[in-house]
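K.L.:
Please read through the structure below; I'll follow up with questions.
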Amino acid sequence: MKERIKNLRKSLGMTQQEFANKLGIKRNTIGQYEIGRNEPTTPIMNLICKEFNVNKEWLEQGTGDMFQELTRDEEISQYMADITLAGNDSFRIKLESILHSLDEDGIEFLYEVALSYVKTEDKKSHS
């Protein structure tokens, strides 16, 4: 368990403090989990899974993938929630409004454009 929590935190690129803040617990508690002095309670494990989209089977037993696979709709919902929580600047509000008004074809088109852009940027960064 201790190694899985540490690996999860590091794969998220978070410090113990950032990880603890996201869960609403103390940094020292995360440190205790990571050295194996304590194990998270069931409610904390559930919170870790929910907050970071972690596969509960992986967290508890080390089997399966670290993260749960999300459907496209779940990915969009999670992204929109992240945008909303990140702040209320006008661009984000406009983008959210536009996305909300799109039909399925529009969403699919926008998804393909965004995917194409990401692939192009990945190629540039590896050149």
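K.L.:
Put a dot 7 Å past each Cα toward the Cβ at residue 12 and residue 29; how far apart are the dots in nm?
P.N.:
1.3 nm
K.L.:
Continuing with this model, one more query. I need to check one value: relative contact order of the chain, counting alpha carbon pairs closer than 8 Å and at least 6 residues apart, in percent. Before the final figure, lay out each step's value.
P.N.:
Values: 73 pairs, mean separation 19.8, N = 127.
Relative contact order of the chain: 16 percent.
K.L.:
Now for a different question. Measure off 7 Å from each Cα along the Cα-to-Cβ vector at residue 21 and residue 51, then give the distance between these two points in nanometres to one decimal.
P.N.:
1.2 nm
K.L.:
Same structure, new question: What number of lysine-lysine pairs in the chain show an alpha-carbon separation below 21 angstrom, given a sequence spacing of 8 or more or placement on distinct chains?
P.N.:
16
K.L.:
Another question about this same structure. Between residue 42 and residue 80, 0.36 nm times their residue separation minus their Cα-Cα distance comes to what? Please list the in-between numbers first.
P.N.:
Numbers: separation 38, 0.36 × 38 = 13.68 nm, distance 2.82 nm.
The span from residue 42 to residue 80 would gain 10.9 nm if fully extended.
K.L.:
What is the spread of the Cα atoms of the chain along each of their three principal axes, largest first, in whole Å?
P.N.:
51, 34, 27 Å, listed from the longest principal axis down.
K.L.:
Put a dot 7 Å past each Cα toward the Cβ at residue 103 and residue 117; how far apart are the dots in nm?
P.N.:
2.3 nm
Values quoted throughout were computed directly from the atomic coordinates according to the rules given, and no laboratory measurement underlies them. This structure is a prediction, so every number in the text was calculated from the model and none was measured. A quick note on method: Cβ atoms are made from the backbone with ideal geometry, for glycine too, and the neighbour counts reach across all protein chains shown.
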